[in-house]
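Asker: Once you've had a glance at the structure underneath, I'll fire off some questions.
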Amino acid sequence: MHLLSLVADRLWLVAGGAVRPYDGDLDGYRKMLLSGDEKPVETAPKPENETRETRIPRPRSLELRADARRAEDRVEKLAEMLSKLDAIMADPTTYDDTWGAEKWGRKHAEASAAMLRAETLWMEALERLETAERG
């Protein structure tokens, strides 16, 4: 259901040889599916401030979510890289070779700087998504 909430802005009910829009929310849809009822379960009305007109258009919403996911993926990859570099730098044999120690030190500094930039971009992407969803 979580995936549906991220990608779907409308549900369609196919039953009895007919197709019609489902006006309830995902929780009501889930309850209806689990209960096996043909009739939709009554759900609480949507807040007045959230109508189809006030929600952000789907393509823009998907674009912003994709941006946030890409930024998060980048942060995760950099975290893995920093973890590996930390292990290398913690190994005493790394410092047997002065050139090697400098090389790993530079790589660690570059990865740390890249992590700061990636985290900033991720937070900005999340803020843009949140701002757009609030309207």
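The values are calculated or read from the model by the stated rules, or taken from the named source; none is laboratory data. What you see is a predicted model; the values in this text were computed from it and never measured. No Cβ is skipped: glycine too gets one built from the backbone with ideal geometry, and neighbour counts run over all protein chains shown.
Asker: In the stretch 100-118, what residues are out of contact with any helix residue (DSSP H, G or I) (no Cβ under 6 Å at 6 or more places or on another chain) and either under 16 Å from Val75 (Cβ atoms) or hydrophobic (A, V, I, L, M, F, W, C) (or both)?
Answerer: Across the stretch 100-118, the qualifying residues are Ala109, Glu110, Ser112, Ala113, Leu116, Arg117.
Asker: Can you tell which of Lys103, Lys46, Lys39 is at pLDDT below 95, surrounded by 12 or more Cβ atoms within 10 Å (Cβ to Cβ) and part of a loop (DSSP other than H, G, I, E, B)?
Answerer: Lys46
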